[in-house]
Each structure stands twice: as C-alpha cells, then as structure tokens.
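Colleague: Input: one structure, supplied below.
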Protein chains: 2
Amino acid sequence: MGYHQAVKGTHLEALPYGRVYNFSAGPGTLPVEVLEEARDDLLNYKGCGMSVMEMSHRSKDYEAIHYETIRSLRTILNIPDDWGVLFLQGGASLQNAMVPMNLAIEGKTPNYIDTGTWGHKSIGDAKKLGPVHIAWTSEPSNFDHAPEDDEPNFSDDVSYIYFTSNETIQGVDYLRDPKFAPDVPVVCDMSSNILSRPMDLGRYDVIFAGAQKNQGPAGVATVILSPRALEIASQKDLPLMLSWKKAHEADSIHNTPPCWAIYMCGLYYKWVIKEGGLDEMARRAEKRSSLIYDVIDQSEGFYIGHAQKKNRSKMNISFRTVNEELDKKFIQEAEANGMKTIAGHRSVGGMRASMYNAFPVSGAELLAEFMKDFAKRNA
Amino acid sequence: MGYHQAVKGTHLEALPYGRVYNFSAGPGTLPVEVLEEARDDLLNYKGCGMSVMEMSHRSKDYEAIHYETIRSLRTILNIPDDWGVLFLQGGASLQNAMVPMNLAIEGKTPNYIDTGTWGHKSIGDAKKLGPVHIAWTSEPSNFDHAPEDDEPNFSDDVSYIYFTSNETIQGVDYLRDPKFAPDVPVVCDMSSNILSRPMDLGRYDVIFAGAQKNQGPAGVATVILSPRALEIASQKDLPLMLSWKKAHEADSIHNTPPCWAIYMCGLYYKWVIKEGGLDEMARRAEKRSSLIYDVIDQSEGFYIGHAQKKNRSKMNISFRTVNEELDKKFIQEAEANGMKTIAGHRSVGGMRASMYNAFPVSGAELLAEFMKDFAKRNA
C-alpha cells in the first residue's frame with residue numbers, strides 16, 4: 001500500500017527504538033527521555049547499589065525521590081503549602097469510595113454531575129455509602145456534553161459537588177474551571193486532563209487523578225486537597241488506607257507506597273517542567289487535537305465526532321465513520337501503519353484517539369493525514 | 001581496615017553493576033536477571049512498540065502478561081482452579097480493612113491472634129469496622145513468639161480467624177501451617193514469608209501478601225481466596241475497589257491494574273520456577289538464616305536474637321548487641337562494607353537482617369563473617 005510506505009518515511013521511522021504511536025486512553029504514552037532514564041538507572045539507581053524497586057521506603061534514597069516528586073507537582077500546579085498532595089494506590093477508582101468516606105457531612109447530601117462513564121461509576125460507588133443527589137446529567141444525549149455553570153440543579157443541603165473534568169470515554173471536557181453557585185467543597189476527577197493546561201486551583205477542594213494518562217504509569221493516583229477538605233477529612237476515623245488524613249500526616253508514606261510508580265511520576269514531572277510547564281502542554285494539546293478535529297469538520301460527514309463542539313476534549317477524541325464496517329477497516333489500517341490502540345470504548349464504539357502530554361505532535365500529524373487519505377479512498 | 005579489604009575481595013566485588021547487599025525488610029532485593037529483563041524491554045516490550053508501562057490494560061499484550069502472571073502464581077503454590085487469585089493495590093495494609101469488609105459475618109466475631117506490629121495494625125483497622133476478639137497475644141513478652149495451635153482462646157461465635165504467619169519487624173514465624181480448632185475461615189497475612197517454603201494451602205481460606213518482599217516490587221498485593229471465602233465475599237455489596245467479588249469476576253482488571261508491578265511479579269515468579277520452586281527457596285532460606293542464627297548462638301551473649309528459638313523467622317532476623325552504642329557502630333561498619341539497610345525497626349531497635357527469596361546466599365556469608373569479626377573486635 002503506497003500510503004503506508006509514504007507515511008512511514010515521514011513519521012514512523014522517526015520514532016526511536018522501533019516504537020509506535022500509542023493512542024491508548026490509559027495507560028498512555030510516556031516521554032522517551034523518561035523511559036531512558038528509568039532504564040539506565042534500573043539496576044543501580046545513581047550509584048546507590050540497588051534499583052528504585054528494591055529501596056526501603058524509609059531509606060534516604062527513596063525519601064529523596066518521594067519528596068522531590070511531591071515538590072515537582074506542587075511547582076507545576078502552584079499548590080500552596082497548606083494544601084495536601086497525596087500519592088495513593090487504588091487508582092482514581094478507589095477515590096470514588098474515598099471521596100464520600102472522607103468528605104461527606106452527616107445530614108447533608110453529596111451532589112454529583114453525571115457527564116459520562118466516569119461520573120456514572122463514581123455515583124454508583126457513592127450510593128453504596130449514602131444518599132446522593134444527581135444535580136445534572138447528559139445521559140439523554142448519550143453523554144455528549146457538559147453543563148454550563150448555572151445548569152445543574154443542586155439540592156438545598158449540598159455536602160459537596162462532584163464532577164469529572166474530562167470524560168475519557170466520551171471525550172467530553174468542560175474546557176474551563178467551572179464555578180458552581182453553592183459555596184461548598186468541589187471535587188473533581190481530573191484523571192484524563194490534569195497537567196494538560198493551566199488551571200485555577202482556587203475553584204477546587206479535591207482534585208484526584210490516576211497517573212497513567214498525563215503523569216506516569218498505572219499504580220498511583222494523585223490527590224490534591226484544599227485546607228477545607230483536609231479539615232473535614234481530619235474529623236473522620238477510617239481504616240489506615242482509606243483515610244486522607246493519615247496519608248496526609250505521613251506524606252503518603254503511611255504504608256509502603258508504590259515507589260516505582262511515584263519515581264516515574266517524578267521523572268515525568270521534571271520532563272513537564274523542562275519542556276515548558278502547563279502553557280507548553282496546553283499548546284501541544286491544542287495543536288494535536290485541532291489537527292484531528294479539523295479533519296473531522298472538513299470531512300463532509302465522513303467522520304462524526306461524539307462530543308458537542310463546545311465540549312470537545314483535547315485529550316480524547318471519540319469519533320466514528322458512517323458505518324461500523326468502515327470503523328473496523330479504519331482501525332485495522334491504522335494499526336498496520338503504526339497507530340496502535342485507537343479502537344473506541346465498547347460503550348461508544350468507533351475510534352478514540354487519546355493524546356496525552358507525552359504523545360508526540362508528529363503522531364497527530366500522521367493520524368490526520370491517514371484520516372484524510374482513508375476518507376478519500378472510502379467516501 | 002583490613003577486614004573491609006579482605007571481605008570485599010571475596011564477596012562484594014562479585015556483585016554485578018556495583019550492587020550492594022540490601023538487607024531491607026521491604027521493598028527488598030529482586031533477582032538481577034529479573035531486573036535485567038525489565039531493563040532490556042523497558043522502551044519496547046518484545047517488539048510491540050511500547051513499554052509495559054504504556055500499554056492499555058485492555059490490550060492483548062498486557063492481558064498476556066497479566067494472565068501469565070496469575071498462572072505462574074497458581075503453578076508455584078498449586079492453587080486449585082476454584083480458588084481466586086487477585087492482584088490488588090493498596091498493599092497488605094488495605095487488606096487489613098478489606099478482610100472484615102468482605103469476610104465478616106453479621107452476629108459473629110472476627111478472632112485475631114496478635115503476634116507483633118502487623119497483627120496489631122490489622123486489629124486496629126478491624127476494630128474500626130466492628131467488634132473484634134483477641135484470641136491470643138504475645139504483647140507481654142514484647143512479641144517474641146507465636147502460639148501453638150491449641151493456645152488461642154477463641155470466642156464462641158468466631159466469624160474468621162486471623163493471624164500473621166511471619167512478623168516482619170519482630171522476626172517471629174510460626175514455621176508451620178497452623179491448624180486451629182474451629183472450622184471457620186482462616187485468614188493469613190503472609191506478606192513476609194509467602195513463597196519462601198512449600199505450604200499446605202488447605203489450612204487457609206484467605207492469604208494475602210504485599211509483593212515487595214518475596215514476590216516483586218511495591219504497589220501490588222496478592223490475595224488468594226478459597227471457594228468458602230469467595231462465597232462469603234460474593235454476598236457483600238461494596239464499592240468497586242473494596243470488593244473481592246468484583247476483583248475476582250474481572251480477574252483483577254476491574255480498574256486499571258498496577259500493570260508494571262504485576263509484570264515484575266510475573267518475571268519474579270518465572271525466576272522462582274526456574275530456580276527450582278518452593279523447595280529450593282526453602283533450602284536457600286534455611287541456609288541464609290542458619291548462617292546468622294549460628295553466629296548469634298555461638299557469640300556467648302554478644303548478639304541477642306529477638307525471637308524465641310521455636311519461632312525464629314528465616315526471612316527477618318531481628319537481633320542486637322549488648323548495648324545501643326555497639327549497635328550503632330555495627331550498622332555503620334556494615335554499611336561501609338556494602339551491607340545496606342540493616343538497622344532494626346525503631347520499635348525493636350538493634351539490627352534486622354531481612355533476606356528474602358532473591359537475597360543471595362553470599363550476602364548471608366558476608367554478614368556472618370562480619371558479625372564474627374565485629375564480635376571479636378568489640379567483645
């Protein structure tokens with residue numbers, strides 16, 4: 001196939017180590033430099049005689065890695081000293097239970113905004129722990145948009161407001177830091193767009209995010225807590241691993257932390273800082289995503305994006321062609337051209353191109369070219 | 001110092017990559033071959049174009065790793081098909097809460113055996129979730145032994161029996177698979193001696209273990225469940241990440257698993273199998289630990305072991321000299337001779353030599369020689 005040859009020459013062969021463009025929604029692509037450093041230090045970290053995976057979590061060598069990782073995240077997001085920064089196990093999914101456990105207030109009702117699969121799952125877990133009010137949902141339109149600030153109908157006794165800043169599966173993003181009316185703690189699952197743009201931290205009380213999309217490998221989640229959230233959590237008496245308070249008091253070394261995953265996040269954060277921080281991450285995200293959305297919009301209906309234009313994610317682009325057979329062909333040909341893991345989630349179908357911080361712009365260029373070519377050949 | 005020179009020649013310089021003997025109680029030493037394989041495949045796993053850390057957990061490449069890891073553990077421990085094998089986040093510490101959540105029966109009382117720091121911690125978490133009966137404790141003798149099978153005083157309404165097979169901090173091990181009287185589910189925290197000897201699986205209903213001692217890196221815990229335990233757990237309605245049932249139904253891919261840590265466990269398991277399985281692991285543990293216990297017993301009181309002889313751990317040897325000043329000197333000199341992380345836990349003091357499956361016998365030989373020499377110079 002001529003297309004394959006032509007494209008390989010310009011894009012794919014430029015990738016080192018025989019690597020491919022990995023459009024996975026998570027775990028996702030990591031920076032090559034980060035992986036190289038991890039590889040080089042794998043058997044003997046900086047001359048200390050052992051791997052990061054073998055270090056006692058109470059050793060000076062590991063503590064240096066741990067605290068530098070925390071400091072780097074604080075630097076990137078400008079997190080004030082009186083806020084908490086935790087690195088916890090169990091992914092964002094465990095936070096679905098830990099949020100109500102640590103933040104719910106007796107006699108008040110958690111209010112959830114339901115924009116897709118992740119909001120939905122979080123509501124499911126919260127309901128197991130107490131009553132929940134759903135203040136807004138886009139389920140009737142198959143989760144294709146997010147609300148404006150004044151759209152949700154909050155209850156009279158809001159305990160906290162919960163939302164998902166970017167729905168990974170549907171590719172729906174608020175594209176802003178929403179400001180909802182009630183002055184209550186605001187919780188955000190930011191797993192799939194944290195660190196992808198500058199943000200106004202003051203709009204949030206709890207931000208949590210699995211690392212495996214924009215920050216590092218799977219196996220650790222970051223949890224950022226405002227003084228108000230810490231204050232509420234400090235009054236709970238929970239088992240060790242379910243307590244934000246205990247994690248915060250011990251700087252997340254309340255048990256053996258997932259040392260390697262935290263180390264990898266630390267390398268990733270240093271890479272983000274070196275590359276230019278959140279402004280540069282936002283610039284690249286805009287560049288990558290607009291390449292693909294432009295092809296969709298100019299395809300005369302051959303490609304159909306899932307999200308409404310006002311909420312188009314810059315991280316996860318869910319789209320399809322006019323029929324499932326063509327979708328299948330698209331995925332197969334993309335794979336053959338070095339574009340991996342581009343099938344859509346089974347609940348939405350079609351394709352999903354996830355392009356997080358470390359995803360090279362050249363991969364978006366390749367996909368855009370391929371999409372145009374595929375449309376021409378199959379329209 | 002002549003000693004340093006002489007010993008270096010015989011032992012330390014034999015270690016590759018400038019590595020040291022790492023006596024850490026966990027995370028602990030990993031096999032060099034395992035680390036080498038991880039390093040070699042770090043940027044492109046077996047030609048698939050990406051790191052294991054970058055793979056979608058739903059991809060064929062990751063699923064192959066995941067299921068092979070489960071199969072290897074089943075092979076090593078001879079786990080029947082109708083038992084569950086889970087790989088969960090949150091370490092053994094999260095299981096301290098998940099055990100009562102998933103296994104407690106309304107109207108019955110969990111019975112705990114308290115042999116040291118870990119038993120103690122587990123009791124603390126269980127008490128937050130319901131009443132607990134302490135059937136036996138060695139606290140009066142500062143946790144220096146474990147009970148015989150008929151010593152614990154169980155309550156009349158036992159829900160389950162819980163014990164810690166090897167107390168990492170105190171270095172106290174049952175050295176057998178206990179058989180307690182009541183026919184109820186038996187739960188064992190086996191974090192620090194799992195895979196170190198053949199065992200009778202039929203004596204247990206729940207075995208859990210953080211990976212970072214005898215199986216892999218930190219960030220994942222293995223949970224092995226009998227059909228009886230699965231049956232009880234199947235009746236609970238818990239949040240996703242706190243449910244054994246949901247993890248079991250999805251083979252631990254109910255959320256994004258800690259892929260890298262599971263991959264490393266898989267490599268570790270293959271190494272255990274290749275080296276000769278549990279019989280060989282037991283032989284090495286016996287060899288390593290008897291080298292050190294022999295020096296202690298022949299030191300005419302210069303070294304004092306913490307555990308009673310009948311419960312001496314083959315994994316963690318807690319010992320001290322006659323005074324704290326000498327302990328400090330011992331630790332400093334050991335460090336200078338390439339024996340790292342040998343200080344005792346603050347709650348016990350003195351020294352602790354942890355030597356798990358991957359710890360080379362040559363390291364125990366070095367420590368034994370050093371101990372004899374140190375005693376001669378300081379007696």
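The values are calculated or read from the model by the stated rules, or taken from the named source; none is laboratory data. Quick caveat: nothing in here was measured; it's all calculated off a predicted structure. Cβ atoms come from the backbone with ideal geometry, glycine included; neighbour counts cover every protein chain shown.
To keep it simple, each residue is scored yes or no on (1) farther than 18 Å from B:TRP260 by Cβ; (2) in contact with a helix residue (DSSP H, G or I) (Cβ under 6 Å, 6 or more places away or on another chain).
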| position | (1), (2) |
| --- | --- |
| A:GLY18 | yes, no |
| A:TYR21 | yes, yes |
| A:PRO27 | no, yes |
| A:LEU35 | no, no |
| A:ASP41 | no, no |
| A:ASN44 | yes, yes |
| A:CYS48 | yes, yes |
| A:MET53 | no, yes |
| A:SER59 | yes, no |
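Colleague: Out of all the residues in the range B:103-152, which are aliphatic (A, V, I, L, M) and in a loop (DSSP other than H, G, I, E, B)?
Modeller: B:ALA104, B:ILE105, B:LEU129, B:VAL132, B:ALA146, listed by residue number.
Colleague: Something else about it: When you scan the range B:348-379, how many residues do you find that are of a type in the set (S, T, N, Q) and either in a strand (DSSP E or B) or within 19 Å of the chain's Cα centre (by Cα) (or both)?
Modeller: Of the residues in that region, 2 qualify.
Colleague: Here's a follow-up. Against the definition (touching a strand residue (DSSP E or B) at 6+ places or on another chain (Cβ under 9 Å), among the β-branched types (Val, Ile, Thr) and farther than 20 Å from A:GLY26 by Cα), how does A:VAL348 come out, yes or no?
Modeller: no
Colleague: Ok, one more. When you scan the range B:266-273, do you find a residue that is on the phi < 0 side of the Ramachandran plot, surrounded by fewer than 17 Cβ atoms within 10 Å (Cβ to Cβ), away from chain A (no Cβ under 14 Å) and within 21 Å of the chain's Cα centre (by Cα), even just one? Lay out the reasoning, then the answer.
Modeller: Of all residues in the range B:266-273, those on the phi < 0 side of the Ramachandran plot come to B:266-273.
Those left that are additionally surrounded by fewer than 17 Cβ atoms within 10 Å (Cβ to Cβ): B:273.
Checking which are away from chain A (no Cβ under 14 Å) leaves us with B:273.
Remaining after also requiring within 21 Å of the chain's Cα centre (by Cα): B:273.
Yes, the range B:266-273 contains a residue that is on the phi < 0 side of the Ramachandran plot, surrounded by fewer than 17 Cβ atoms within 10 Å (Cβ to Cβ), away from chain A (no Cβ under 14 Å) and within 21 Å of the chain's Cα centre (by Cα).
Colleague: If you check A:LYS309 against the conditions, is it surrounded by fewer than 20 Cβ atoms within 10 Å (Cβ to Cβ), more than 28 Å from A:PRO147 (Cβ to Cβ) and of a type in the set (D, E, K, R)?
Modeller: Working: surrounded by fewer than 20 Cβ atoms within 10 Å (Cβ to Cβ): yes; more than 28 Å from A:PRO147 (Cβ to Cβ): no; of a type in the set (D, E, K, R): yes.
In short, no.
Results for (1) of a type in the set (S, T, N, Q); (2) under 22 Å from the mean Cα position of the chain (by Cα); (3) surrounded by fewer than 21 Cβ atoms within 10 Å (Cβ to Cβ), shown as yes or no for each residue.
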residue	(1), (2), (3)
B:SER56	yes, no, no
B:GLU63	no, no, yes
B:THR69	yes, yes, no
B:ILE76	no, yes, yes
B:GLY90	no, yes, no
B:MET98	no, yes, no
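Colleague: Do we have B:VAL132 as touching a Pro at 6+ places or on another chain (Cβ under 6 Å), surrounded by fewer than 22 Cβ atoms within 10 Å (Cβ to Cβ) and either touching a residue at least 40 places away in the same chain (Cβ under 8 Å) or not basic (Lys, Arg) (or both) here?
Modeller: Working: touching a Pro at 6+ places or on another chain (Cβ under 6 Å): yes; surrounded by fewer than 22 Cβ atoms within 10 Å (Cβ to Cβ): no; either touching a residue at least 40 places away in the same chain (Cβ under 8 Å) or not basic (Lys, Arg) (or both): yes.
Answer is no for this residue.
Colleague: Right, A:TYR67: more than 9 Å from chain B (Cβ to nearest Cβ) and without any contact (Cβ under 8 Å) to a residue 60 or more places away in the chain or not? Don't jump to the end; show me each part of the working.
Modeller: On the way: more than 9 Å from chain B (Cβ to nearest Cβ): yes; without any contact (Cβ under 8 Å) to a residue 60 or more places away in the chain: no.
In short, no.
Colleague: Could you please find all residues in the range B:39-54 being among the basic types (Lys, Arg) and buried (at least 16 other Cβ atoms within 10 Å of the Cβ)?
Modeller: Listed by number, the list holds a single entry, B:ARG39.
Colleague: Do you know which residues across the range A:299-343 are among the hydrophobic types (A, V, I, L, M, F, W, C), within 14 Å of chain B (Cβ to nearest Cβ), under 24 Å from the mean Cα position of the chain (by Cα) and outside any loop (DSSP other than H, G, I, E, B)?
Modeller: A:ILE331, A:ALA334, A:MET339, A:ALA343
Colleague: Taking the condition of being more than 24 Å from B:MET101 (Cα to Cα) and outside any strand (DSSP E or B), how many residues in the range A:67-102 meet it?
Modeller: Of the residues in the range A:67-102, the ones more than 24 Å from B:MET101 (Cα to Cα) are A:67-86.
Cutting the leftovers down to outside any strand (DSSP E or B) gives us A:67-83.
Qualifying residue count, the range A:67-102: 17.
Colleague: Filtering the range A:153-177 down to residues that are assigned to a loop (DSSP other than H, G, I, E, B) and either among the polar types (S, T, N, Q) or in the same structural domain as A:ARG352 (by TED's automatic domain parsing) (or both), which residue is surrounded by the fewest Cβ atoms within 10 Å (Cβ to Cβ)? It would help to see each step written out before you state the result.
Modeller: Going residue by residue through the range A:153-177, those that are assigned to a loop (DSSP other than H, G, I, E, B) are A:153-157, A:165, A:168-171, A:174-177.
If we keep only those that are either among the polar types (S, T, N, Q) or in the same structural domain as A:ARG352 (by TED's automatic domain parsing) (or both) too, we end up with A:153, A:155, A:165, A:168, A:170.
On the way: A:ASN153: 10, A:SER155: 16, A:SER165: 28, A:THR168: 27, A:GLN170: 30.
Selected residue: A:ASN153.
Colleague: Give all pairs with beta carbons closer than 8 Å in which a residue from the range A:278-301 that is closer than 21 Å to A:ALA375 by Cβ meets a residue that is assigned to a loop (DSSP other than H, G, I, E, B) and among the basic types (Lys, Arg); count only pairs at least 6 apart in sequence or on separate chains.
Modeller: If the second residue must be assigned to a loop (DSSP other than H, G, I, E, B) and among the basic types (Lys, Arg), the pairs left are A:ARG288/A:LYS314; A:SER289/A:LYS314.
Colleague: Scan the range A:245-258 for residues that are within 13 Å of chain B (Cβ to nearest Cβ), farther than 22 Å from A:TYR162 by Cα and assigned to a helix (DSSP H, G or I) and report the count.
Modeller: 1
Colleague: Just to be sure before I move on: is A:LEU73 out of contact with any Lys or Arg (no Cβ under 9 Å at 6 or more places or on another chain) and at the interface with chain B (Cβ under 7 Å from one of its Cβ atoms) in the structure I sent?
Modeller: no
For (1) more than 8 Å from chain A (Cβ to nearest Cβ); (2) over 25 Å from A:GLY219 (Cα atoms), each residue gets a yes or a no:
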| residue | (1), (2) |
| --- | --- |
| B:ASN78 | yes, yes |
| B:GLN89 | no, no |
| B:ASN96 | no, no |
| B:MET101 | yes, no |
| B:ILE105 | yes, yes |
| B:ASN111 | yes, yes |
| B:THR117 | yes, yes |
| B:ASP125 | no, no |
| B:LYS128 | no, yes |
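Colleague: Further, regarding this structure: How many residues, within the range B:31-54, are in contact (Cβ under 8 Å) with a residue 24 or more places away in the chain and more than 9 Å from chain A (Cβ to nearest Cβ)? Talk me through it step by step, then tell me what you get.
Modeller: Taking the range B:31-54 and keeping what is in contact (Cβ under 8 Å) with a residue 24 or more places away in the chain, we get B:31, B:33-34, B:37-38, B:52-53.
Of the ones still in play, those that are also more than 9 Å from chain A (Cβ to nearest Cβ) are B:31, B:33-34, B:37.
Residues in the range B:31-54 being in contact (Cβ under 8 Å) with a residue 24 or more places away in the chain and more than 9 Å from chain A (Cβ to nearest Cβ): 4 in total.
Colleague: Any idea which of (1) more than 10 Å from every other protein chain (Cβ to nearest Cβ); (2) at positive phi is the one B:GLY219 doesn't satisfy?
Modeller: Result: B:GLY219 fails condition (1) only.
Colleague: While we're on this one: Across the range A:137-177, what is the number of residues that are of a type outside the set (S, T, N, Q), on the phi > 0 side of the Ramachandran plot and out of contact with any helix residue (DSSP H, G or I) (no Cβ under 7 Å at 6 or more places or on another chain)?
Modeller: 2
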